[in-house]
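Only the coordinates and a few stated rules stand behind these numbers; no lab work does. Computed from a predicted model, the values in this text were never measured in an experiment. Positions of Cβ are backbone-derived with ideal geometry, glycine not excepted, and every protein chain shown enters the neighbour counts.
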Amino acid sequence: MSHSAVSQAAAVSVSIGNERSLTRSVFKQNNSISFNTKPWSSSLALTQKTSTIRDAKRYSNTTICMSVQQASSSKVNVSPIELEDPTDPPLNLYKPKDSYTAKIVSVERVVGPKAPGETCHIVIDHDGNLPYWEGQSYGVIPPGENPKKPGAPHNVRLYSIASTRYGDFFDGKTASLCVRRAVYYDPETGKEDPSKNGVCSNFLCDSKPGDKIQITGPSGKVMLLPENDPNATHIMIATGTGVAPYRGYLRRLFMENVPNYKFGGLAWLFLGVANTDSLLYDDEFSKYLKDHPDNFRFDKALSREEKNKKGGKMYVQDKIEEYSDEIFKLLDNGAHIYFCGLKGMMPGIQDTLKRVAEERGESWDAKLSQLRKNKQWHVEVY
Ligand code: FAD
């Protein structure tokens, strides 16, 4: 995202008149939205906030009062703080046969012109009705008929949620997805065949503000951020859109003023993409590096621009190898390690970790089973 810092922050209060009460949700709905952004929130975010206010006005009986003020704290206030109350994450509030109709707030291409393929950041308005925790996924049912089951809807596609539970507007009413358009190239001609392009990712990337979208979920527990120890170490490994859950974590750790959770540990992100233009959310992550140098580390592997020490392409496992001593020590001291992205990332990473373990005279199999047993090992690949 092209984020430029703005020096002022908006404080917005929106009272929604016709919110329906939720029987399914374990979360109490708050009848007002408010947020204070901080000086470094992006101009884009400000534009989005403005459009959300417009959307709120369009979608409901709304009274809006908005003022622009100097931010008072270095972190963004979030609401409704009742979203912190439940002890268990929300799960499957909406199912495929009874999905929730949400609305698209914005769709933004977030990669540069030299990135292979297209990735979009998509903000979805759920009006507070589809609460989730960081690291969970939403299901999306694309419109149209399932070609394999005539008359039936398409199967659900899962997408990791890329925002915190408060959403990109800090009001608990939106969720964001980071979606790569699945495009099909004929292996013989090398030409794109649009008839075989991915149904749901193209629907999402082509959608427009106000469009309706059928959502299920939220689902998933494996990538939840353990918060029992605010001084824990979290090592996050991603390829491409696998960065989505980590964007949520990092906003929670460094951007939001979350009641009763003040992070003082270490978050270390390894992100593998093709080239500089393919980097996702780089401005946000660079900002954390600048503001929280003792609590955040960020290593990138750009496979088409950098070489590993053997002269081959630089993949995320090459970066892991570079820091393997530190990583192993952190794991021995209880660090959590997360993997998210394409399935194909895991064999290379596992081979590297196994080799490093053997070089250290350790058995990788024993270490892995210990990490799993201790719930330090979190994998979500697709
Ligand atoms: P589909 O229509 O399902 O097609 C799948 C693939 O087959 C496409 O590449 C398509 O081009 C190809 N294809 C279609 N027809 C043919 C044909 N006739 N011959 C050969 N090939 C064909 N994705 C993200 O982008 N971001 C995320 O954050 C994300 N999170 C996920 C989290 C989880 C837990 C899981 C399980 C998956 C996640 N995914 C994510 C992947 C996502 O669910 C979809 O699988 C992906 O978007 C492709 O779905 P689609 O409907 O666009 O493609």
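With an 8 Å Cα cut-off and a minimum separation of 6 or more residues, compute the relative contact order for the range 79-217 in percent. Walk me through the numbers before you get to the answer.
Values: 295 pairs, mean separation 46.5, N = 139.
Taking the mean separation of contacting Cα pairs over the length of the range 79-217, I get 33 percent.
Label the range 219-274 by shape, choosing from rounded, prolate and oblate, from the square roots a ≥ b ≥ c of the eigenvalues of the Cα gyration tensor; if a/c is under 1.5 it is rounded, and otherwise prolate applies when a/b is larger than b/c, oblate when it is not.
prolate
By a straight-distance test (C-alpha under 22 Å), which lysines pair with K319 as possible cross-link partners, with residues fewer than eight away in the same chain excluded?
Within the straight-line limit of under 22 Å, K319 reaches these lysines: K287, K290, K300, K307, K309, K310, K329, K343, K354, K367.
Could you go through the range 313-321 in sequence order and give the Karplus-derived ³J(HN,Hα) for each residue, using 6.51 cos²θ - 1.76 cosθ + 1.60 with θ = phi - 60°, rounded to whole Hz, and x for Gly and Pro?
Calculated HN-Hα couplings, in order: 5, 8, 9, 4, 5, 5, 5, 4, 4 Hz.
Classify the range 116-245: rounded, prolate or oblate, from the alpha-carbon gyration tensor (a ≥ b ≥ c, eigenvalue square roots; a/c under 1.5 rounded; otherwise prolate if a/b is larger than b/c)?
Cα axes put the range 116-245 in the prolate bin.
What dipole magnitude, in Debye to the nearest 20, does the range 252-382 give about its Cα centre under +1 on Lys/Arg Cβ and -1 on Asp/Glu Cβ?
300 debye
In the range 79-217, how many lysine pairs have Cα atoms under 25 Å apart, counting only pairs 8 or more places apart or on different chains?
So the count of such lysine pairs works out to 25.
Sorted by mean Cβ packing within 10 Å, highest first, what order do the peptides 298-307, 142-151 take?
The densest-packed peptide leads the list: 298-307, 142-151.
I need the shape label for the range 231-379. Rule: rounded when a/c is under 1.5, else prolate if a/b > b/c, else oblate, with a, b, c from the alpha carbon gyration tensor.
Here the range 231-379 falls in the oblate category.
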